[in-house]
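Have a look at the structure below, then the notes.
The values are calculated or read from the model by the stated rules, or taken from the named source; none is laboratory data. This structure is a prediction, so every number in the text was calculated from the model and none was measured. No Cβ is skipped: glycine too gets one built from the backbone with ideal geometry, and neighbour counts run over all protein chains shown. Side chains included, ligands, DNA and RNA excluded: accessible areas come from the protein's heavy atoms. Shrake-Rupley method; radii C 1.70, N 1.55, O 1.52, S 1.80 Å.
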Amino acid sequence: MIPYGRQNIIDEDVEAVIKILKSDYLTQGPTTPIFENNLKEYTNTKYSVALINATSALHIACLSLGLSKGDFLWTSPISFVASANCARYCGAEIDFVDIDSSSYNLCPIALEEKLIQAKKNKRLPKIIIPVHLSGQSCEMKRIKELSDQYGFKIIEDASHAIGGEYRGKKIGNCEYSDITVFSFHPVKIITTCEGGACMTNQKKIYKNLQSLRSHGITRDPIEMINKKPGEWYYEQIQLGFNYRLNDLQAALGISQLKRVDEFVRERNSIANYYNKIFKGHQFVRTPKLINDVYSSYHLYIIRVDSIKRKNIFDRLRNSGVFVNIHYIPIYKHPYYKDIESSSLTNSENYYKEAISIPIFPFLKKEMLDQIKKVIDEVDNFQSIF
Ligand SMILES: *Cc1c(COP(=O)(O)O)cnc(C)c1O
């Protein structure tokens, strides 16, 4: 089976991890701050907090922005469930903004319409989470303008997007947001096995994220409520979690981050090849990019005639190509059945037509041709299904 995405691990990565195994620190030690520092430098951001996964990153990102019961959080329905679950972890209400029919990202026009309505009803969101689907940035400049106008905070879910760029700058730099979240799950651009990070330019948020990642405990006398009686002393000053990335994972992250540009270049070259072979295709629509973006191409999503979609999907799976659908709209999951979704027309249409075909570094061109051949043949066999 060819997966839709997979990690790329070389001897250097393995050696970096072994070195840590033989060192004094297996939990979070001196290596994690180096990884954090490298992430900061790579994205040109002031602060970085490494975490056990992007799900925990989204959770404490919401907490650090004060999300709680009675608040609203809005995100894109075309995302992994974690983009919405973080609201529920904080006791907040979730709602969805429809996607743009061409970029498949949260649509700024739909967002503005929804904000106007929400202002009338006094139900404005506290946080909006734009998701950079496939690694293509959302229209952050416009979303930031709306945030200034309506007073919500922004968390970019850039789980797909490390290595991508928006308006000539690296995604993650938080120019248009309060916090950006990365995922280092093996199917994503770089991996730490499981892992994630929060990026921010705001010191107060950074301090709070650090505290929330580590039980809400402080060892800094300035932050303590009581006077420090001795060197053993620490204080828990809020309810936090154990969301710390360990040094083994950080060492892998440092090693992987060295190759992020190469990975993204490779992914772009595969995307360009697909674009070329599917150009003018009868029933395949290739992905479209907005102006001023460089996508990291975590996913390559094609859209096909909805009547043919299942057939194409099954034929690809049966031929050993593990295609997938990203994503089932979040509101369609039974857990979210009570969410109002009647206005999410573009998301509905997208879900009927989308398929993610394999894309990962060093996937062979012959394989891409083979995938196209299986898709092409679907028409010939249409009648028997
Ligand atoms: C993968 C993913 C997450 C969750 O990442 P984990 O690191 O597995 O917790 C969140 N949001 C999106 C859009 C994702 O693709």
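Take residue 58 and decide whether it is surrounded by 24 or more Cβ atoms within 10 Å (Cβ to Cβ), in contact (Cβ under 8 Å) with a residue 60 or more places away in the chain and either on the phi > 0 side of the Ramachandran plot or not in a loop (DSSP other than H, G, I, E, B) (or both).
yes
What pairs can you find where one residue is in segment 173-188 and open to solvent by 30 Å² or more (accessible area, probe 1.4 Å), the other is modelled with pLDDT under 95, and their Cβ atoms are less than 8 Å apart, with a gap of 6+ or different chains?
Within 8 Å, the pairs are 186/6; 186/7; 188/5.
If a residue must be in a loop (DSSP other than H, G, I, E, B), open to solvent by less than 70 Å² (accessible area, probe 1.4 Å) and in contact with a Ser or Thr (Cβ under 8 Å, 6 or more places away or on another chain), how many such residues does segment 217-234 contain?
Of the residues in segment 217-234, 1 are in a loop (DSSP other than H, G, I, E, B), open to solvent by less than 70 Å² (accessible area, probe 1.4 Å) and in contact with a Ser or Thr (Cβ under 8 Å, 6 or more places away or on another chain).
Check segment 28-44 and report whether any residue there is among the small types (Gly, Ala, Ser), under 30 Å from residue 130 (Cβ atoms) and open to solvent by less than 40 Å² (accessible area, probe 1.4 Å).
No: segment 28-44 contains no residue that is among the small types (Gly, Ala, Ser), under 30 Å from residue 130 (Cβ atoms) and open to solvent by less than 40 Å² (accessible area, probe 1.4 Å).
From the list 291, 349, 272, which residue is surrounded by fewer than 18 Cβ atoms within 10 Å (Cβ to Cβ), without any contact (Cβ under 8 Å) to a residue 40 or more places away in the chain, part of a helix (DSSP H, G or I) and of a type outside the set (Ser, Thr, Tyr)?
After applying the criteria, what remains is 272.
When you scan segment 195-216, do you find a residue that is touching a residue at least 24 places away in the same chain (Cβ under 8 Å), within 28 Å of residue 355 (Cα to Cα), open to solvent by less than 70 Å² (accessible area, probe 1.4 Å) and not hydrophobic (A, V, I, L, M, F, W, C), even just one?
yes
Return the only residue of 169, 141 being touching a strand residue (DSSP E or B) at 6+ places or on another chain (Cβ under 9 Å) and more than 16 Å from the ligand (Cβ to nearest atom).
Every option except 141 fails the conditions.
Please work out if residue 328 is in a loop (DSSP other than H, G, I, E, B) and at pLDDT 95 or above.
Judged against the criteria, residue 328 is a match.
Look through 68, 101 and report the one residue that is more than 30 Å from residue 287 (Cβ to Cβ), touching a residue at least 12 places away in the same chain (Cβ under 8 Å), open to solvent by 20 Å² or more (accessible area, probe 1.4 Å) and away from the ligand (no atom under 16 Å from the Cβ).
Exactly one residue qualifies, and that residue is 68.
Confirm whether residue 314 is in contact (Cβ under 8 Å) with a residue 12 or more places away in the chain and acidic (Asp, Glu).
Answer is no for this residue.
Looking only at segment 77-98, count every residue that is open to solvent by less than 40 Å² (accessible area, probe 1.4 Å) and among the aromatic types (Phe, Trp, Tyr) and tell me the total.
Matching residues across segment 77-98 total 1.
Can you name every residue in segment 326-385 that is in contact with a helix residue (DSSP H, G or I) (Cβ under 7 Å, 6 or more places away or on another chain) and among the hydroxyl-bearing types (Ser, Thr, Tyr)?
Once the filter is applied, which keeps residues that are in contact with a helix residue (DSSP H, G or I) (Cβ under 7 Å, 6 or more places away or on another chain) and among the hydroxyl-bearing types (Ser, Thr, Tyr), segment 326-385 yields 336, 341.
Output the residues belonging to segment 113-123 that are open to solvent by less than 60 Å² (accessible area, probe 1.4 Å) and either charged (D, E, K, R) or assigned to a loop (DSSP other than H, G, I, E, B) (or both).
If the condition is that a residue be open to solvent by less than 60 Å² (accessible area, probe 1.4 Å) and either charged (D, E, K, R) or assigned to a loop (DSSP other than H, G, I, E, B) (or both), then 114 is the only one that fits.
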